[in-house]
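Asks: Below you'll find the structure I mean.
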Amino acid sequence: PPPPDGSAVEVAPGIRWLRMPMPMALDHINVYLLRGADGWTLVDTGLNTAACRERWERIAATHLQGLPIVRLVCTHMHYDHAGLARWLCERFDIPLYMTHGEYFMMRALAEPVPDPLPQAQALFYQRAGLPQERLERMFQAMRKDPFMPPQPQSFSRLRGGDEIELGSRRWRVVI
């Protein structure tokens, strides 16, 4: 496996595996570059951190063989997989591809957590069995989350069963 420093390992012709660093127990996220005739497709992003942005700049300068980045595919909305989606799309002027549900869940979770928590929302968690003290700790932590990124304003929709050409291969979307 590649170290989380922007190094790449070719796992098949035209498919490069890279790792982005994460400052936590799970210390990296896997991301991929898929080479096609028109350029590179990025698959997933890493966290919204300066370290990950720096790695992407290094990758763009050293691994693309003079070809442009043409699209970004985010497999799901966790911010280690989609945290730099807006930055990458703006930086490289590329479209984001994602499923409808994952995109809008990402947008919904990016909204600031209200303080105090609305009563209806607190009741939802209490009825699910979450003790009040843990509920308060959870939402306080969410309000201080250092990795919450700004979200892309648009996306190209992927649907289950779609077949798309990424790199020089056809891929089927599985949800």
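The values are calculated or read from the model by the stated rules, or taken from the named source; none is laboratory data. From a predicted model like this one, the values you see are computed outputs, not experimental measurements. Please note: Cβ atoms are built from the backbone with ideal geometry, for glycine as well, and neighbour counts cover all protein chains shown. Note: accessible area is taken over every heavy atom of the protein model, side chains too, but ligands, DNA and RNA are not part of it. Shrake-Rupley method; radii C 1.70, N 1.55, O 1.52, S 1.80 Å.
Asks: Taking the Cα centre as origin and putting +1 on Lys and Arg beta-carbons and -1 on Asp and Glu beta-carbons, what dipole magnitude results for the chain, to the nearest 20 debye?
Replies: Result for the chain is approximately 200 debye, rounded to the nearest 20.
Asks: So, counting K/R as plus one and D/E as minus one, what does the shell of residues with Cβ under 15 Å around Gly39 add up to?
Replies: Values: positive: Arg16, Arg35, Arg71, Arg91, Arg169; negative: Asp38, Asp93, Glu165.
Spelling it out: positives minus negatives among the neighbours equals +2.
Asks: Calculate how steeply helix 50-62 sits against the longest principal axis of the alpha-carbon atoms of the chain, using the helix alpha-carbon long axis, and give the answer as 0 to 90 degrees to the nearest 10.
Replies: The angle comes out at about 10 degrees.
Asks: For the chain, what is the calculated [θ] at 222 nm in deg cm²/dmol (nearest 500), taking -39500 (n - 2.57) for each run of four or more DSSP H residues and dividing by its residue count?
Replies: Values: 6 runs with 56 residues, N = 175.
-9000 deg cm²/dmol, from helical runs alone.
Asks: Under a plain spin-label model, where a point goes 7 Å from the Cα along Cα-to-Cβ, how far apart in nm are Glu10 and Asp162?
Replies: Reported label-point gap for Glu10 and Asp162 is 2.9 nm.
Asks: Rg(Cα) of the chain divided by 2.2 N^0.38 Å? Can you show the working numbers first?
Replies: Numbers: Rg = 18.1 Å, N = 175, 2.2 N^0.38 = 15.7 Å.
Relative to the 2.2 N^0.38 Å estimate, the chain comes out at 1.15.
Asks: Something else now. List, largest first, the extents of the alpha carbons of segment 43-83 along their principal axes, each in whole Å.
Replies: Rounded to whole Å, the extents work out to 30, 21, 9 Å.
Asks: Still on this structure, please answer the following. Amide H neighbours of Tyr97 under 5 Å, counting only residues 5+ apart in sequence or on other chains, H built in-plane at 1.01 Å?
Replies: Leu72, Val73, Cys74, Ser156
Asks: What number results when the radius of gyration of segment 86-137, computed over Cα atoms, is divided by 2.2 N^0.38 Å?
Replies: Values: Rg = 16.5 Å, N = 52, 2.2 N^0.38 = 9.9 Å.
Cα-based Rg divided by the globular estimate yields 1.67.
Asks: Can I ask one more? Mind jotting down the three principal axis lengths of segment 50-146 based on Cα atoms? Whole angstrom, largest first.
Replies: Cα spread of segment 50-146 along its principal axes, largest to smallest: 55, 27, 19 Å.
Asks: Would you list Met20, Met138, Met77 from the most to the least accessible area, probe 1.4 Å?
Replies: Met138, Met77, Met20
Asks: Report the local net charge at Met138: Lys and Arg +1, Asp and Glu -1, summed over other residues whose C-beta lies under 14 Å from its C-beta.
Replies: With Lys, Arg at +1 and Asp, Glu at -1, the net is 0.
Asks: If you don't mind, there's one more thing I want to ask. Let me see the P(r) profile for segment 29-102: every Cα-Cα distance counted, bins of 5 Å, each bin given as a percent of all pairs.
Replies: Using 5 Å bins, I get a P(r) of 4, 17, 30, 29, 15, 5, 1 for segment 29-102.
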